[in-house]
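No lab work stands behind these numbers, since they all come straight from the coordinates. All values reported here derive from a predicted model rather than from experimental measurement. Here the Cβ is made from the backbone with ideal geometry for all residues, glycine too, and neighbour counts use every protein chain on show.
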Amino acid sequence: MKAMRYRIKVGSLNDIPERLGKTVKIGPNEIAIFRLANGDIRAIENRCPHKGGVLAEGMVSGEYVYCPMHDWKINLKDGKVQAPDFGCIKTYETEIQNGEVIVIL
Ligand code: FES
């Protein structure tokens, strides 16, 4: 059986500032949404695997976010922590439809 997928509107694209994160809560999931400099949207789990830093408050550079607590560098596309640190966080698919950002769970 195919797992059920949910498409959740999380707000207007214009409400997400470029290269800054926005926190959204969907049920028990806290998700950080980012708009990259090239206009792409990324959605990741909002919790650093190191000590729980809030990633939506991190600095975005290219395809990466830097955790605001101890500067771990995390790939926004696949959720992988970059060496010399290690670990992985969950990433979510996104879509933009009529100017609305949609996260697919
Ligand atoms: S909590 Fe994110 S780097 Fe330490």
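May I ask for the net charge around residue 49, where only other residues with Cβ less than 13 Å from the Cβ of residue 49 are counted and Lys, Arg are +1 while Asp, Glu are -1?
Numbers: positive: 47, 51, 73, 80, 90; negative: 45, 85.
Result for the local shell: +3.
Residue 20's amide H: which non-local residues (gap 5+, or another chain) put their own amide H closer than 5 Å, with H modeled 1.01 Å from N in plane and none for Pro or chain starts?
The list, which skips near neighbours in sequence, is 35.
Please identify the trypsin sites (Lys or Arg not before Pro) of the stretch 17-70 that satisfy two criteria: DSSP loop assignment and at most 16 other Cβ atoms within 10 Å. Which are they?
Sparse-neighbourhood loop trypsin sites (Lys or Arg not before Pro): 19, 51.
Compute the Cα gyration tensor for the chain, then decide on rounded, prolate or oblate, letting a ≥ b ≥ c be the square roots of its eigenvalues: rounded whenever a/c is under 1.5, prolate when a/b is larger than b/c in the other cases, and oblate in all that remain.
Oblate, because a/c is 1.5 or more while a/b does not exceed b/c.
Run the quick spin-label model on residue 100 and residue 19: label points 7 Å from Cα toward the beta carbon, then report their separation in nm to one decimal.
With each label point 7 Å from Cα toward Cβ, the separation is 3.0 nm.
Using alpha-carbon pairs under 8 Å, 6+ residues apart, how would you state the relative contact order of the chain in percent? Kindly include the intermediate steps, with their values, before the conclusion.
Numbers: 227 pairs, mean separation 28.5, N = 105.
Relative contact order, the chain: 27 percent.
Residue 38: net charge of surrounding residues, Cβ under 13 Å, Lys/Arg +1, Asp/Glu -1, itself excluded?
Within the 13 Å Cβ shell, the charges total +1.
Which of these, 62, 11, 27, has the largest mean-square fluctuation under a Gaussian network model of the chain (Cα springs below 10 Å)?
27
To the nearest 0.05, how large is the calculated FRET efficiency for residue 6 and residue 63 if R₀ is 25 Å and r is the Cβ-Cβ distance?
With R0 = 25 Å, the Cβ-Cβ based efficiency is 0.50.
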